[in-house]
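Everything below concerns the one structure shown next.
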Amino acid sequence: MQTPPVEEVTRQVHRLTVDTGMPFPVFRERYERAVPPLDPGRYSATDWDAVRRAVAEQAPHGFMIFWSLDNTAIMRGSGDGWRSVQYLMGNQTIAQRMFHHDPGVLLYAPLRTTIYEDARGATRFSIDRPSDQFASFGDPGIAAVGVELDRKVAALLAHLEVPVPDLLLAARSEEARHEA
(Lines give C-alpha, C1' and ligand atoms only; values in the text may rest on other atoms or scores of the structure.)
Protein backbone atom coordinates (compact mmCIF):
# COMPACT_ATOMS: atom_id res chain seq x y z
CA MET A 1 0.00 0.00 0.00
CA GLN A 2 1.40 3.35 -1.05
CA THR A 3 1.38 6.34 1.32
CA PRO A 4 -0.59 9.28 -0.08
CA PRO A 5 1.57 12.29 -0.99
CA VAL A 6 -0.27 14.48 1.53
CA GLU A 7 -1.78 13.26 4.76
CA GLU A 8 -4.14 15.52 6.65
CA VAL A 9 -4.98 14.99 10.32
CA THR A 10 -7.56 17.12 12.06
CA ARG A 11 -7.42 16.99 15.82
CA GLN A 12 -8.59 18.77 18.92
CA VAL A 13 -5.93 20.06 21.29
CA HIS A 14 -6.51 21.43 24.75
CA ARG A 15 -4.22 24.34 25.60
CA LEU A 16 -3.84 24.36 29.37
CA THR A 17 -2.98 27.66 31.05
CA VAL A 18 -2.36 27.87 34.78
CA ASP A 19 -2.14 30.97 36.97
CA THR A 20 1.02 30.21 38.95
CA GLY A 21 0.24 32.65 41.75
CA MET A 22 3.90 33.71 41.74
CA PRO A 23 5.82 36.67 40.38
CA PHE A 24 7.28 36.02 36.91
CA PRO A 25 10.97 35.84 37.97
CA VAL A 26 10.16 33.55 40.91
CA PHE A 27 8.18 31.04 38.85
CA ARG A 28 10.67 31.14 35.97
CA GLU A 29 13.56 30.37 38.35
CA ARG A 30 11.62 27.53 40.01
CA TYR A 31 10.68 26.05 36.63
CA GLU A 32 14.24 26.23 35.33
CA ARG A 33 15.54 24.60 38.53
CA ALA A 34 12.99 21.76 38.26
CA VAL A 35 13.54 21.39 34.50
CA PRO A 36 17.28 21.87 34.01
CA PRO A 37 18.87 22.64 30.64
CA LEU A 38 19.98 19.68 28.56
CA ASP A 39 23.70 19.08 28.92
CA PRO A 40 24.57 17.49 25.56
CA GLY A 41 28.10 16.68 26.75
CA ARG A 42 26.68 14.04 29.11
CA TYR A 43 25.34 11.80 26.37
CA SER A 44 26.92 9.21 24.13
CA ALA A 45 25.12 8.70 20.84
CA THR A 46 26.31 5.08 20.73
CA ASP A 47 25.42 3.93 24.26
CA TRP A 48 21.67 4.24 24.89
CA ASP A 49 21.93 2.73 28.39
CA ALA A 50 24.36 5.51 29.33
CA VAL A 51 21.89 8.04 27.91
CA ARG A 52 19.11 6.56 30.08
CA ARG A 53 21.29 6.82 33.19
CA ALA A 54 22.34 10.39 32.39
CA VAL A 55 18.72 11.46 31.77
CA ALA A 56 17.62 9.88 35.06
CA GLU A 57 20.35 11.85 36.87
CA GLN A 58 19.88 15.14 35.03
CA ALA A 59 16.05 15.24 34.90
CA PRO A 60 14.75 14.60 38.43
CA HIS A 61 11.18 15.48 37.35
CA GLY A 62 11.42 13.71 34.00
CA PHE A 63 12.13 16.73 31.79
CA MET A 64 14.99 18.87 30.54
CA ILE A 65 15.01 22.15 28.62
CA PHE A 66 16.20 21.48 25.08
CA TRP A 67 15.78 25.11 23.98
CA SER A 68 14.49 28.40 25.32
CA LEU A 69 13.74 31.83 23.91
CA ASP A 70 13.34 35.00 25.96
CA ASN A 71 10.44 36.61 24.10
CA THR A 72 10.72 39.71 26.29
CA ALA A 73 14.17 40.46 24.87
CA ILE A 74 13.27 39.94 21.23
CA MET A 75 10.02 41.95 21.49
CA ARG A 76 11.47 44.80 23.56
CA GLY A 77 11.81 47.14 20.57
CA SER A 78 8.09 46.79 19.79
CA GLY A 79 7.11 48.81 22.84
CA ASP A 80 5.19 45.89 24.36
CA GLY A 81 6.01 45.42 28.02
CA TRP A 82 5.06 41.75 28.39
CA ARG A 83 7.39 39.32 30.10
CA SER A 84 7.44 35.97 28.33
CA VAL A 85 9.75 33.04 27.75
CA GLN A 86 9.13 29.84 25.79
CA TYR A 87 10.76 26.44 26.07
CA LEU A 88 11.05 23.06 24.43
CA MET A 89 10.88 20.69 27.41
CA GLY A 90 11.39 16.98 26.99
CA ASN A 91 13.16 13.74 27.62
CA GLN A 92 14.78 11.87 24.75
CA THR A 93 14.34 8.47 26.41
CA ILE A 94 10.57 9.01 26.53
CA ALA A 95 10.48 10.45 23.01
CA GLN A 96 12.38 7.40 21.73
CA ARG A 97 9.55 5.13 22.86
CA MET A 98 7.26 6.98 20.41
CA PHE A 99 9.94 7.62 17.75
CA HIS A 100 10.32 3.83 17.61
CA HIS A 101 6.77 3.68 16.17
CA ASP A 102 6.80 6.83 14.03
CA PRO A 103 9.57 9.44 13.68
CA GLY A 104 6.88 12.04 12.91
CA VAL A 105 6.19 12.31 16.66
CA LEU A 106 9.16 14.66 16.91
CA LEU A 107 6.84 17.36 15.60
CA TYR A 108 5.48 17.45 19.18
CA ALA A 109 8.45 16.17 21.18
CA PRO A 110 9.94 17.95 23.00
CA LEU A 111 6.85 19.65 24.42
CA ARG A 112 6.43 23.38 23.90
CA THR A 113 5.75 25.43 27.06
CA THR A 114 5.44 29.15 27.75
CA ILE A 115 5.66 31.26 30.88
CA TYR A 116 4.25 34.77 30.55
CA GLU A 117 2.56 37.64 32.35
CA ASP A 118 -1.01 38.33 31.33
CA ALA A 119 -2.79 41.71 31.12
CA ARG A 120 -3.45 41.63 34.89
CA GLY A 121 0.21 40.95 35.62
CA ALA A 122 -0.45 37.34 36.67
CA THR A 123 2.24 34.82 35.75
CA ARG A 124 0.82 32.05 33.58
CA PHE A 125 2.20 28.69 32.45
CA SER A 126 0.84 27.22 29.18
CA ILE A 127 1.21 23.86 27.48
CA ASP A 128 -0.83 21.84 24.99
CA ARG A 129 -2.00 18.58 26.57
CA PRO A 130 0.52 15.98 25.39
CA SER A 131 -2.00 13.14 25.02
CA ASP A 132 -3.99 15.20 22.51
CA GLN A 133 -0.95 15.72 20.33
CA PHE A 134 0.30 12.15 20.39
CA ALA A 135 -3.13 10.49 20.06
CA SER A 136 -3.34 12.13 16.63
CA PHE A 137 -0.91 9.52 15.28
CA GLY A 138 -3.52 6.78 15.68
CA ASP A 139 -1.06 4.37 17.28
CA PRO A 140 -1.93 2.94 20.73
CA GLY A 141 1.77 2.72 21.70
CA ILE A 142 2.30 6.41 20.96
CA ALA A 143 -1.00 7.40 22.60
CA ALA A 144 -0.06 5.56 25.82
CA VAL A 145 3.18 7.53 26.07
CA GLY A 146 1.16 10.72 25.53
CA VAL A 147 -0.98 9.83 28.56
CA GLU A 148 2.19 9.12 30.54
CA LEU A 149 3.45 12.59 29.59
CA ASP A 150 0.17 14.11 30.85
CA ARG A 151 0.92 12.47 34.22
CA LYS A 152 4.51 13.69 34.22
CA VAL A 153 3.45 17.27 33.44
CA ALA A 154 0.84 17.03 36.23
CA ALA A 155 3.53 15.82 38.66
CA LEU A 156 5.84 18.65 37.60
CA LEU A 157 3.12 21.25 38.17
CA ALA A 158 2.33 19.74 41.58
CA HIS A 159 6.04 19.92 42.44
CA LEU A 160 6.05 23.58 41.39
CA GLU A 161 3.05 24.10 43.70
CA VAL A 162 0.70 25.39 41.03
CA PRO A 163 -2.79 24.14 40.14
CA VAL A 164 -2.87 20.94 38.11
CA PRO A 165 -5.46 21.14 35.31
CA ASP A 166 -8.11 18.43 35.54
CA LEU A 167 -7.53 17.57 31.87
CA LEU A 168 -4.03 16.32 32.68
CA LEU A 169 -5.67 13.79 34.97
CA ALA A 170 -8.65 13.09 32.67
CA ALA A 171 -6.66 10.96 30.22
CA ARG A 172 -5.68 8.69 33.12
CA SER A 173 -9.38 8.23 33.98
CA GLU A 174 -10.26 7.55 30.33
CA GLU A 175 -7.43 5.02 30.07
CA ALA A 176 -8.59 3.23 33.24
CA ARG A 177 -12.15 3.01 31.87
CA HIS A 178 -10.86 1.37 28.66
CA GLU A 179 -8.76 -1.14 30.62
CA ALA A 180 -11.72 -2.20 32.80
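Observations
- Of the residues making up the stretch 110-142, those that are in contact with a Phe, Trp or Tyr (Cβ under 8 Å, 6 or more places away or on another chain) and not in a strand (DSSP E or B) are Pro110, Pro130, Gln133, Phe134, Ile142.
- Of the numbered criteria (1) open to solvent by less than 30 Å² (accessible area, probe 1.4 Å); (2) under 15 Å from the mean Cα position of the chain (by Cα); (3) farther than 22 Å from Pro36 by Cβ, the one Phe125 fails is (3).
- Residues of the stretch 35-54 that are out of contact with any helix residue (DSSP H, G or I) (no Cβ under 6 Å at 6 or more places or on another chain) and either open to solvent by 100 Å² or more (accessible area, probe 1.4 Å) or outside any loop (DSSP other than H, G, I, E, B) (or both): Pro37, Pro40, Gly41, Ala45, Thr46, Trp48, Asp49, Ala50, Val51, Arg53.
- In the set (1) surrounded by fewer than 16 Cβ atoms within 10 Å (Cβ to Cβ); (2) at pLDDT 95 or above, the condition left unmet by Met64 is number (1).
Conditions (1) acidic (Asp, Glu); (2) surrounded by fewer than 22 Cβ atoms within 10 Å (Cβ to Cβ); (3) at pLDDT below 95, marked per residue:
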{"site": "Asp132", "(1), (2), (3)": "yes, yes, no"}
{"site": "Asp139", "(1), (2), (3)": "yes, yes, no"}
{"site": "Asp150", "(1), (2), (3)": "yes, no, no"}
{"site": "Ala154", "(1), (2), (3)": "no, yes, no"}
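- Within the stretch 22-34, the set of residues being outside any helix (DSSP H, G or I) and surrounded by fewer than 15 Cβ atoms within 10 Å (Cβ to Cβ) comprises just one member, Pro23.
- Only a single criterion out of (1) over 24 Å from Ala54 (Cβ atoms); (2) open to solvent by less than 30 Å² (accessible area, probe 1.4 Å) is not satisfied by Arg120, namely (2).
- Contacts under 8 angstrom Cβ, first residue in the stretch 31-60 being touching a residue at least 60 places away in the same chain (Cβ under 8 Å), partner surrounded by fewer than 13 Cβ atoms within 10 Å (Cβ to Cβ) and of a type in the set (S, T, N, Q), 6 or more apart: none
- The one condition in (1) modelled with pLDDT of 95 or more; (2) in a helix (DSSP H, G or I); (3) touching a strand residue (DSSP E or B) at 6+ places or on another chain (Cβ under 9 Å); (4) among the β-branched types (Val, Ile, Thr) that Thr72 fails to fulfil: (1)
The values are calculated or read from the model by the stated rules, or taken from the named source; none is laboratory data. The model shown is predicted, which means the values in this text are computed figures rather than measured ones. Here the Cβ is made from the backbone with ideal geometry for all residues, glycine too, and neighbour counts use every protein chain on show. Please note that ligands, DNA and RNA were not included when accessible areas were found on the heavy atoms of the full protein model with its side chains. Shrake-Rupley method; radii C 1.70, N 1.55, O 1.52, S 1.80 Å.
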